[in-house]
1. Measure nothing but the geometry: give the 0 to 90° angle between the long axis through the Cα atoms of 234-243 and the longest principal axis through the Cα atoms of the chain, rounded to 10°.
2. Counting alpha carbon pairs within less than 8 Å and at least 6 residues apart, what relative contact order, in whole percent, applies to the chain?
3. Report the equivalent ellipsoid semi-axes for segment 132-178 in whole Å, largest first, defined as the square roots of five times the eigenvalues of the gyration tensor built from alpha carbon atoms.
4. Write down the Kirkwood hydrodynamic radius of segment 50-114, to one decimal in angstroms, obtained as one divided by the mean of 1/r over all alpha carbon pairs.
5. What spacing in nm lies between the two simple spin-label points modelled at residue 153 and residue 385, each 7 Å away from Cα in the Cβ direction?
6. Could you work out the pair-distance distribution P(r) of segment 404-481 from its alpha-carbon pairs, with 5 angstrom bin width and percents rounded to whole numbers?
7. Compute the helix-to-body angle for 256-265: its Cα long axis versus the longest principal axis of the chain, expressed 0 to 90° and rounded to tens.
8. Just report the Cα centroid separation between segment 166-193 and segment 346-385, whole Å.
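Only the coordinates and a few stated rules stand behind these numbers; no lab work does. Everything numeric here is computed off the predicted structure, so don't read it as measured data. A quick note on method: Cβ atoms are made from the backbone with ideal geometry, for glycine too, and the neighbour counts reach across all protein chains shown.
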Ligand SMILES: Cc1cc2nc3c(=O)[nH]c(=O)nc-3n(C[C@H](O)[C@H](O)[C@H](O)COP(=O)(O)OP(=O)(O)OC[C@H]3O[C@@H](n4cnc5c(N)ncnc54)[C@H](O)[C@@H]3O)c2cc1C
């Protein structure tokens, strides 16, 4: 159901009696931002510009929330974005450590795929530089480095199995006519009930592939989804396969945080973004009263509609009156997040061949995000093993592995970022397990009354920035007529 912005009650001039402005309120938005910079933080002048009611309140300023805010504001809604942390972008986080010589290092997402149009458009608007990522994939197996396609350790069964699997997967994927609606596949129920590991086993038996060839297929899922194949629905993998249209990915030289910062700063006035504003309570007393949101800093916002652009773990932690729809709570309970561990090291004079090297070493994959830097990227079980170690140990492991891959001794100088289910985020990104596409895919995309969900967990490109942004735009359009 949508709201017509022309019919939303006018914004209330002040928050409820007794409420205090957000702690360390920061207002991002053209005019308000300029004005705020002219006054000391917390001065009356800044506080008097605080807006306590709006047409649409967006909870979370990750890429989903930012896309939702822009879409709603672009069509005339007055938007307030409430972000728990002190920066926009959520999982899109870039640092510029001294050990990297001030170069942008991505702690989370890094690649912009060829067909990720919303993100590419945001990059163009932000004026950042996209550098294509390319070249051959190398493998380091049994102590030897060579292009993956011609590696001497390859068994002929590897290629036979890979060809048979991709043929089977493209046949399955052809049954998905609309990538937004995987449940319309004629065999949706049966496919969804099966873990992708069962399909691997089936195809491996058909082409008589040995366990090591079968294990290589598993590593592909571990790397891409951060999950073990037993925990992934075959229908979910097919839905992702529909979207994989090839083309070259790219990296953002300035880092994805620059794109998020531009989205945050270009939110048109009078819409605004507040940092340090963690929403803890939401009440929707009746259909004709505003929805009330309260932050841990004591602010109250009255909104005509709400986009909840937070990960499922954060959604489950919200205290809501009435409770959020059962279908959303079921999804938040059931869906799991994958595990990824990244480490980036200062590696002066070291070159990684091809675009990346996949290895049987503990850190799994390595690439070179820029001169003098190497990133290792580890998914699923191997990530959980790394995450159980200290940051210093992970960096030392990455240094050892990069030394083996490149034949140059690398010092353990760098940083590591652990995105595992033990962290408060719940992991790297959502994975639909067996039965979950049928149970939760459609429910997460349905708005309820004046509340809609956004985030990578409900985008077409699940697990990607593009999916987060696309879900944000959809949520805004569900709510703003
Ligand atoms: C290691 C790693 C590598 C990745 N690689 C890629 C890649 O190469 N390419 C790609 O496209 N994607 C990649 N991704 C996925 C991508 O990062 C996510 O899909 C996307 O960033 C998710 O955006 P989001 O807005 O849905 O969620 P988030 O980025 O998690 O944003 C949610 C926001 O909500 C805020 N929040 C939470 N609770 C509250 C609350 N109660 N009140 C107010 N605010 C709240 C959070 O602080 C956060 O800012 C990667 C992810 C990881 C972890």
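1. With both axes taken from Cα atoms, the answer is about 80 degrees.
2. Numbers: 1058 pairs, mean separation 119.7, N = 481.
Dividing the mean separation by the residue count of the chain yields 25 percent.
3. Details: eigenvalues 158, 52, 8 Å².
Ellipsoid half-lengths, sorted descending, are 28, 16, 6 Å.
4. Numbers: mean 1/r = 0.0734 Å⁻¹.
Evaluated over segment 50-114, this radius sits at 13.6 Å.
5. 1.3
6. Spelled out per bin, shortest first, that is 3, 13, 16, 17, 15, 10, 8, 6, 5, 4, 2, 1.
7. For helix 256-265, the angle is close to 10 degrees.
8. 33
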